[in-house]
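The values are calculated or read from the model by the stated rules, or taken from the named source; none is laboratory data. Model, not experiment: these values are computed from the prediction. Here the Cβ is made from the backbone with ideal geometry for all residues, glycine too, and neighbour counts use every protein chain on show. For the accessible areas, the whole protein counts, side chains as well, though only heavy atoms, and no ligand, DNA or RNA atoms are used. Shrake-Rupley method; radii C 1.70, N 1.55, O 1.52, S 1.80 Å.
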Amino acid sequence: MRYPVESFTEDERAALEPHFSNLDRPVFALTNLPETVKGALFARYSRYRGTLRRLYLDEFAADASTAARPFDGEEGKRAAELYERIFIGYGDDSVAQLGGAHVACEWVSNVLTKLLQRGRLAAYLEQSTRYIAYDQPMYEDAAQGDPGSWRYWRSDELGPEFGAAMDEIFSIYSASLRDVTAWAEERWPRGEEPQGAWERSIRAKALDLLRGLLPAATLSHVGIYASGQAYEQLILRLLASPLPEAREFGAMILAELQQVMPSFVSRVERPDRGGEWITYLQGRRARTEEWVARLGLDRRDSRDGAPAVELLHVDGGEEDLLAACLFEAANASETEILSRIDVLDRDERAALLASMVGERGNRRHRPGRGFEAVRYRFEIVSDYGAFRDLQRHRMLTCQWQRLGPDLGAGVPEELGEAGVGAEFERGLEISRQEYERLAAAGLEDLAPYALSLAYRVRYVLDLNAREAMHLIELRSGREGHPGYRAVAQAMHERIAAVHPGIAAAMSHVDDSVEPRLERIMSEIRTHRKRVAAGASE
């Protein structure tokens, strides 16, 4: 097809070129514009007869340079009028999805990282305890004689006992890391693999085994990319939280977004919008806790503490999935499709499913949305470290209970072989005692900061078969941490018991369980890529 080509004067081209990646093709990117102007452009786009570039010239060019400047004086007034006209006049909820921003949140606890990452429609990247050693202070000032401090969240409200307990746990971690690294080097001596790949895999193994000792107060960094709407919801959740750390970071995120995309978060500080919303969230939480206490559901039973993966509910069957897979290519109702499937025997249905899934060259080759016709609801008890990794999957429903010590903690058997098992258990006991001290002092919401990641938490994952395939194949991979690999493997077994055809379609599940250097194959692949690119090891 020959697409229309717009003509622009020299002055118009000069105005457009800084802000549009090209002026001659029907696909182009917006550049060098404030996020608010981008959102406003698209919002007005839906009710404008012409093209986006012409819209920019007609209604935005005069204001765009002004909008990028500080909000003060007459220029600030003009920019504010532009935002008011577009965002209020054309539906602020939908417009708030049309602009985004990158925000970095540093020195946040592992408790807060879960709250930051709870939103579905956003992208997150978190510093990993699998690859970052926490055996060094987070900062130091040699000139002032400051030896530095271990990387954990602190507050005067927690008392000096909290700091003493955390310092001891991090000291155990630091000393144990040296011993476990030396043990791993003897347990898996280098063979033909590159030196660098072997060293990194040994380091990863030691960090994997010891990360359960780190407390939930351990500090991390989180990068976020999200739309204005997603940020608004995130900020409201944080400001409504009972955690001081969450409220503090909610206020800081709001302040930063007010610098780069102010109109997208303008409702947060309005008493009739953000104020009422925060009050509602706080009230909802309080009412829920009242009913939990009234029903006697606030008392934990430590007998339930063993690791577990239970399939609570299944919605739909393999015939529903088959019908959904056929639907888009068919010219019949779903009822008729189901009736045709009904006459097929078991082998024919298996052949049909296998044919539609096809030859999956790797786990990224996934079947279509027909697999979303079946849902599974799992209740899982695993260590908090494994939960942290599984919670990052966002195309599902994840609900979790407050972290506590009553479900027990897991101690990797290999730590006993490495000679640090007793020290690991001592660290867990210090962690538990500090949790109980804080809880007894009425600080139930803050007490989980003291608990090590090896302690278990109960949570629910509710997901469709397509997302289950993605999660299970990814998290069962040989490079994965043993904690979440075990959960993924158990989920696959539960699905196979009710839907063997769907489980068989998950052809890239790794069900091996032998001890090994989990990261070695990945490190070797990375090494080969570097060599191919001409980089030195």
(message) Are there helices (runs of 4 or more DSSP H) fully within segment 357-449 with at least 2 residues that are surrounded by fewer than 17 Cβ atoms within 10 Å (Cβ to Cβ)? List them.
(response) 413-418, 421-440
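Conditions tested, residue by residue: (1) at pLDDT below 95; (2) under 23 Å from the mean Cα position of the chain (by Cα).
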| residue | (1), (2) |
| --- | --- |
| Glu413 | yes, no |
| Val420 | no, no |
| Phe424 | no, no |
| Glu429 | no, no |
| Arg437 | no, no |
| Leu446 | no, yes |
| Ser452 | no, yes |
| Tyr455 | no, yes |
(message) Report every pair of residues separated by at least 6 positions or lying on different chains whose Cβ atoms are under 7 Å apart, first residue within segment 378-393 and closer than 10 Å to Leu461 by Cα, second among the aliphatic types (A, V, I, L, M) and not in a strand (DSSP E or B).
(response) Phe378/Met491; Ile380/Val487; Leu390/Val487; His393/Leu471
(request) Could you tell me which numbered condition Ser227 fails, if it satisfies all but one of (1) surrounded by fewer than 23 Cβ atoms within 10 Å (Cβ to Cβ); (2) of a type outside the set (D, E, K, R); (3) over 20 Å from the mean Cα position of the chain (by Cα); (4) farther than 23 Å from Arg388 by Cβ? (result) (3)
(request) Please indicate, with yes or no, whether at least one residue in segment 220-240 is in a loop (DSSP other than H, G, I, E, B), closer than 30 Å to Arg267 by Cβ and either touching a residue at least 12 places away in the same chain (Cβ under 8 Å) or not acidic (Asp, Glu) (or both). (result) yes
(request) Determine whether Arg237 is in contact with a helix residue (DSSP H, G or I) (Cβ under 7 Å, 6 or more places away or on another chain), among the charged types (D, E, K, R), within 30 Å of Pro262 (Cβ to Cβ) and surrounded by fewer than 20 Cβ atoms within 10 Å (Cβ to Cβ). (result) yes
(request) Hey, can you tell me all the residues within segment 19-38 that are touching a residue at least 40 places away in the same chain (Cβ under 8 Å), out of contact with any strand residue (DSSP E or B) (no Cβ under 9 Å at 6 or more places or on another chain) and either open to solvent by 50 Å² or more (accessible area, probe 1.4 Å) or not in a loop (DSSP other than H, G, I, E, B) (or both)? (result) Thr36
(request) Give the residues of segment 243-266 that are assigned to a helix (DSSP H, G or I), more than 17 Å from Thr113 (Cα to Cα) and in contact with a strand residue (DSSP E or B) (Cβ under 7 Å, 6 or more places away or on another chain), sorted by residue number. (result) Glu256, Leu257, Val260
